[in-house]
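To keep things clear, I will list the structure first and then write my remarks on it.
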Protein chains: 2
Amino acid sequence: MNEKTNLADSAYLQLKRDITSGAFKPDDKLLMSHLRDRYEIGTGPMREALSRLVAEHLVTAASQRGFRVAAMSTEELHDIYFARASLEAMIAELAVQKGDDSWEASVIASAHTLSRVEEVENAEQMLSLWDSRHKAFHNAIASGCGSNKLMELRTTMLDQAERYRQLWLRHTVFSPEALADKRNEHKMLIETLLSRDTKKVRTLVFEHMMNPIPIIEDILQEQGLAG
Amino acid sequence: MNEKTNLADSAYLQLKRDITSGAFKPDDKLLMSHLRDRYEIGTGPMREALSRLVAEHLVTAASQRGFRVAAMSTEELHDIYFARASLEAMIAELAVQKGDDSWEASVIASAHTLSRVEEVENAEQMLSLWDSRHKAFHNAIASGCGSNKLMELRTTMLDQAERYRQLWLRHTVFSPEALADKRNEHKMLIETLLSRDTKKVRTLVFEHMMNPIPIIEDILQEQGLAG
DNA sequence: TTTGCAAAAAATATCTACATTTTTATATAA
DNA sequence: TTATATAAAAATGTAGATATTTTTTGCAAA
């Protein structure tokens, strides 16, 4: 079952990556001729890729005026993070109610794997390894909720948060204190999950998800992306 | 500020309506030549419209094999309605916490408007009027949550539920008993909202949103759409 | 000179028509 | 029947035509 892929698909993936990684800046004009050169593709498939990203709110479209990278702002930062924290807290609560033994095991396993990110030479490698394992950890928790659609909504929010989250990530991973804080939060989170105290899980997850906001806000100010 | 619109936009809107209204059935092949004829449009813009609907999960795409209307199933019915009920309950809880006087007023106003859907001749008109006012009522409640992103997630789920909801709608609006039940549920809901009992609001909204499931399940069976 | 406006030119977005590639259906032979 | 070859249908992609927006230029008035 090798999933084939057409040009629109690959342009979609590349452009999405280029936007979340910052290769294209917020509010940048996405010039069709430039995109065609960059991704070696015709206008047709390119517009398909853009249309999908418009649906995901990473790109905006104005008829007859083409496409732009969606803007960033502290306002949107708060909106996205609040919605995401609320959703994640609710999903965690459900996971605690529904999760079985194998769920507990997968949470503990992914937490352990995350705690072992240290003996890496390259700083950038460290960043991406911690990021992927951190995501895997929170993903393991959420997976217990038992709802595909809620998991899809969660992915939607994660995609929209990604550009903001990247700012936070560098700050956190390269700061031993911040990293230690996270370790503690995760430890406390696991204890609470295992205790099955749903109410406490909800507030703890909510707060854990809201913590990055002030940090990101500062970085947005510094970089003049505050909008 | 007259929002201009291109062919892809209008094809997107028309096709979306045609899918949710049942003009195209679940799992139908969406033949490009047919779509081009129907919407009087070339392949380019048509594919843009389809790409957006793929992102919204109303259409599925298989590379080199074109597009299909997303299937329906009792499994998906449960998944969508559970996620939607959970989300709506959470949003209602937030609305109760944050909503001000004008929010209360708009909820009561839209409930009143809904209760006055009666003196209409045409049955189909009655259906669409009750539907839009019912939506407006629940929208008024949710609007109090104060989060654009949560409202967007809510719209996402509403769109995905729409085909299932249409089945329930006919059943409910054309049954005096079912309609009376809804009236009571709404009355009780408003009382609880005004009492600001957040916990009760949450469970009440959740149950209200889950009620249609068995009815829709039956209709899916009858129509052989159970998948 | 500088500013404002209008017309022309350039750049860009959008759409269609057609060419190419891939899948699906049909026919034929083992 | 089953497998293989052939034909038809369909999806995908590109190039170029058309329409719209933006920029530049030219000119007149302050």
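From B:Ser115, B:Ser73, B:Ser102, which residue is within 16 Å of B:Ala142 (Cβ to Cβ), more than 16 Å from DNA strand D (Cβ to nearest atom) and among the polar types (S, T, N, Q)?
Numbers: B:Ser115 fails: within 16 Å of B:Ala142 (Cβ to Cβ); B:Ser73 fails: within 16 Å of B:Ala142 (Cβ to Cβ).
When all the criteria are applied, what remains is B:Ser102.
Applying the set (1) within 11 Å of another protein chain (Cβ to nearest Cβ); (2) within 11 Å of DNA strand D (Cβ to nearest atom); (3) surrounded by 15 or more Cβ atoms within 10 Å (Cβ to Cβ) to B:Leu30 leaves exactly one unmet item: (1). Restricting attention to the stretch A:10-24, the residues that are part of a loop (DSSP other than H, G, I, E, B) and either open to solvent by less than 20 Å² (accessible area, probe 1.4 Å) or closer than 18 Å to A:Ala62 by Cα (or both) total 1.
Residues of the stretch A:33-59 that are surrounded by 15 or more Cβ atoms within 10 Å (Cβ to Cβ) and more than 11 Å from chain B (Cβ to nearest Cβ): A:Leu35, A:Arg36, A:Arg38, A:Tyr39, A:Ile41, A:Val59. Of the residues making up the stretch A:100-129, those that are in contact with a Leu (Cβ under 8 Å, 6 or more places away or on another chain) and either modelled with pLDDT of 95 or more or under 27 Å from B:Met90 (Cβ atoms) (or both) are A:Glu104, A:Val107.
The values are calculated or read from the model by the stated rules, or taken from the named source; none is laboratory data. Treat the numbers as computed from the prediction; the structure is a model and nothing was measured. Every residue, glycine among them, receives a Cβ derived from its backbone with ideal geometry; neighbour counts consider all protein chains shown. Heads up: the accessible areas ignore ligands, DNA and RNA and are worked out on the full protein's heavy atoms, side chains in. Shrake-Rupley method; radii C 1.70, N 1.55, O 1.52, S 1.80 Å.
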